Amino acid sequence: DVYKRQVEELDELYIRSVVVSKLRTSVDEEDDAALKEDSGEIRLFVADAAFTICLLEAVASSKVLTKKHTLVAYLDQILDIKLVSNSKSLHERSRLVVTNSKDVRIFEQQGCVSTKVLQGHTDIVMCCAVSQCGTYAATGSKDQTVRLWDLATQTCIAASSSAKIDPTGHSGAIQSLSFSQRPSSTFHMLYSVGQDEALKSWDVAQVVGGAPMTARHSIASAHDGPIHVVAVAPNDAFVATGGKDKVVNVWNVNGKKVFKEANMKGHKRGVSALCFSPSDRIVASASNDGTIRLWSLASFSCLRTLQQEDKHPVLQCHFFNHGLQIVSSDAIGKVQVWGVATSDVIATLPLHVEKCWALAIAEDDTDTLFFSGAADGTMKVSEDFTAEEAARVRDEFTETILKEQELANALRREEFAEAFMLALRLNHPRHLRQVIVKWCAKGEEAAHDALVNTILPGLDDEYLSRLLEFTREWVTNARFCLTATFVLNALFDAFHFTKLQTLRGMKTTLEALTAYSAKHSVRMNKVLQRLYFVDYLCRHIHPRELTTSASLAIGTKRPRGDETH
């Protein structure tokens with residue numbers, strides 16, 4: 001196995017192709033354009049077996065080649081993405097990408113051009129974290145070590161040792177890392193969890209100062225099984241962990257040590273992700289059972305459960321928009337946006353075709369970007385428009401409320417023509433039917449004349465088609481068929497059939513109107529025949545003698561002489 005691994009590592013380094021070129025500049029020789037080689041600088045494009053093309057540059061007088069850019073054509077599985085907080089725009093922020101290899105690539109611009117690499121681990125890197133100040137990064141690997149990096153120089157400041165060498169180190173693969181959110185010169189902690197069920201804290205401030213990287217505090221059995229994720233509260237007061245045992249543990253930070261505060265149970269499968277709300281005392285946990293649970297940090301109880309319809313495992317979750325929304329990724333590559341107040345899915349983005357392991361957010365006052373990476377080897381950036389959509393829906397709802405109030409006022413004033421147009425614009429068939437019924441009750445002939453002469457000729461094709469759709473809906477109900485007949489009569493009086501046949505969906509509408517009108521006609525004929533029978537009974541059957549005597553009390557007998565025959 002060791003020999004096979006070494007062969008695979010060497011195979012990735014095999015150079016497949018090399019192209020040598022020199023920079024060329026355009027010159028003007030006697031008014032003719034020409035290219036002139038710049039003999040001072042040589043450029044090499046090197047393609048290797050790892051599906052990357054490196055740009056190497058060197059001055060002609062020097063024998064040293066410097067890697068300037070790397071074009072990454074294949075990322076394998078993307079396991080983690082972390083953004084570096086800096087003054088750059090959202091699209092230009094540096095991104096640390098963990099790609100199922102021993103190296104962590106840094107992308108500093110859009111596209112697939114990588115300029116820097118963090119190299120040093122001896123096995124696959126599983127996770128990474130970036131400090132709040134954007135100066136340091138930490139990586140955890142299957143080699144059971146945690147490494148601290150200076151992002152400015154891409155050099156390793158310090159590295160921990162496995163438990164075989166240092167008893168304070170991890171004895172299993174590192175699964176998750178998280179920095180404290182309010183670093184200072186004296187307090188800057190890094191928390192790590194892994195397959196060995198341990199929660200460890202590392203004093204970054206001392207390590208940067210030159211101290212060896214040993215765990216400052218350690219909880220040997222933080223969970224009953226492998227720990228998948230660790231997260232730190234925005235005020236550094238709490239640390240939350242979740243793992244295969246389906247439990248979310250909350251730890252109280254006291255100085256540079258952590259003590260167990262509570263354990264929260266409710267998930268039916270392992271916990272895959274944790275995140276703290278930036279505005280409330282709430283922590284969210286995502287699980288392989290297809291749910292996201294919101295827990296109170298005051299009572300340590302479940303406040304709300306966000307349930308996926310298809311119940312696919314949820315792999316990542318993050319709060320954004322001041323804690324009002326949550327974005328999540330799942331095992332089939334979907335990225336979903338949830339409303340915290342309503343517990344509903346606001347938007348679903350089918351971005352990937354395999355498990356979406358990595359998800360990061362960059363937001364400012366105006367824009368929000370989602371950076372997602374999956375097992376299909378793709379990393380995508382999508383922009384969130386749910387806030388604008390929510391504002392649009394809110395404005396439309398407010399406008400609808402105002403128009404409904406205008407409709408009620410018009411009916412109260414018996415301004416039926418205005419009420420008719422308002423109900424039609426609101427696209428409310430029930431309100432429009434009520435307007436027609438009240439208008440006909442006031443005067444059916446006047447209502448018919450107003451529709452034929454004034455209202456219907458002023459409608460465009462869209463409103464006429466909408467009115468026909470309402471009529472088709474009404475005619476299906478026996479209680480509303482008379483209203484539909486009234487509107488149809490007005491339409492055929494106001495327009496020639498050549499105008500009506502050009503309306504959208506007129507054929508299907510007429511088919512439905514014809515079928516239901518025939519059905520109602522048969523029903524009316526049957527009712528009329530029954531009325532004839534009642535009329536016959538009332539006119540031709542008379543009692544022989546009618547009595548005007550008072551009714552007898554219950555229990556008394558009528559005298560024999562008073563009985564009628």
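The values are calculated or read from the model by the stated rules, or taken from the named source; none is laboratory data. Everything numeric in this text was worked out from a predicted model, so none of it was measured. Virtual Cβ from ideal backbone geometry, glycine too; neighbours counted across all protein chains shown. Quick note on the areas: whole protein, heavy atoms, side chains included, nothing else; ligands and nucleic acids left out. Shrake-Rupley method; radii C 1.70, N 1.55, O 1.52, S 1.80 Å.
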Problem set entry | Output for segment 135-169, where each listed residue is touching a strand residue (DSSP E or B) at 6+ places or on another chain (Cβ under 7 Å), of a type in the set (A, V, I, L, M, F, W, C) and in a loop (DSSP other than H, G, I, E, B) | 151
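Is segment 474-484 home to any residue that is basic (Lys, Arg), open to solvent by 70 Å² or more (accessible area, probe 1.4 Å) and more than 42 Å from the chain's Cα centre (by Cα)?
Yes, the conditions are met somewhere in segment 474-484.
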Exercise. How many residues are surrounded by fewer than 12 Cβ atoms within 10 Å (Cβ to Cβ) and touching a Lys or Arg at 6+ places or on another chain (Cβ under 9 Å) when one looks only at segment 426-465?
Worked result: 2
Exercise. Do any residues in segment 220-233 that are free of Cβ contacts under 8 Å to residues at least 40 places away in the same chain and small (Gly, Ala, Ser) have Cβ atoms under 8 Å from those of residues that are outside any strand (DSSP E or B) and surrounded by 24 or more Cβ atoms within 10 Å (Cβ to Cβ), where the two are at least six apart or on different chains, and which pairs are they?
Worked result: none
Problem set entry | Test for residue 172: is it of a type outside the set (Lys, Arg) and closer than 30 Å to residue 269 by Cβ | yes
Problem set entry | Flag for residue 317 being crowded, with 22+ Cβ neighbours inside 10 Å and either modelled with pLDDT of 90 or more or of a type in the set (Val, Ile, Thr) (or both) | yes
For this session: Take the residues in segment 136-161 that are hydroxyl-bearing (Ser, Thr, Tyr) and surrounded by fewer than 16 Cβ atoms within 10 Å (Cβ to Cβ), then tell me which one is modelled with the highest pLDDT.
Result: 155
Seminar exercise, completed: Residues of segment 263-298 being in contact with a strand residue (DSSP E or B) (Cβ under 7 Å, 6 or more places away or on another chain), farther than 30 Å from residue 333 by Cβ and open to solvent by 20 Å² or more (accessible area, probe 1.4 Å), in sequence order, are 263, 281
Exercise. Picking from 180, 176, which residue would you name as being in contact with a Leu (Cβ under 8 Å, 6 or more places away or on another chain) and touching a residue at least 40 places away in the same chain (Cβ under 8 Å)?
Worked result: 180
Exercise. Name the residues in segment 162-176 that are open to solvent by less than 10 Å² (accessible area, probe 1.4 Å) and within 30 Å of the chain's Cα centre (by Cα), would you?
Worked result: 174
For this session: Residue by residue through segment 98-134, note down the ones that are among the hydroxyl-bearing types (Ser, Thr, Tyr) and in a strand (DSSP E or B).
Result: 114, 115
Exercise. Across segment 370-417, what is the total count of residues that are more than 20 Å from residue 91 (Cα to Cα) and without any contact (Cβ under 8 Å) to a residue 12 or more places away in the chain?
Worked result: 17
Problem set entry | Looking only at segment 381-415, and only at residues there that are under 30 Å from residue 101 (Cα atoms) and surrounded by 15 or more Cβ atoms within 10 Å (Cβ to Cβ), the one that is farthest from the chain's Cα centre (by Cα) | 381
Exercise. Only one of (1) under 12 Å from the mean Cα position of the chain (by Cα); (2) crowded, with 20+ Cβ neighbours inside 10 Å is not met by residue 345, so which one is it?
Worked result: (2)
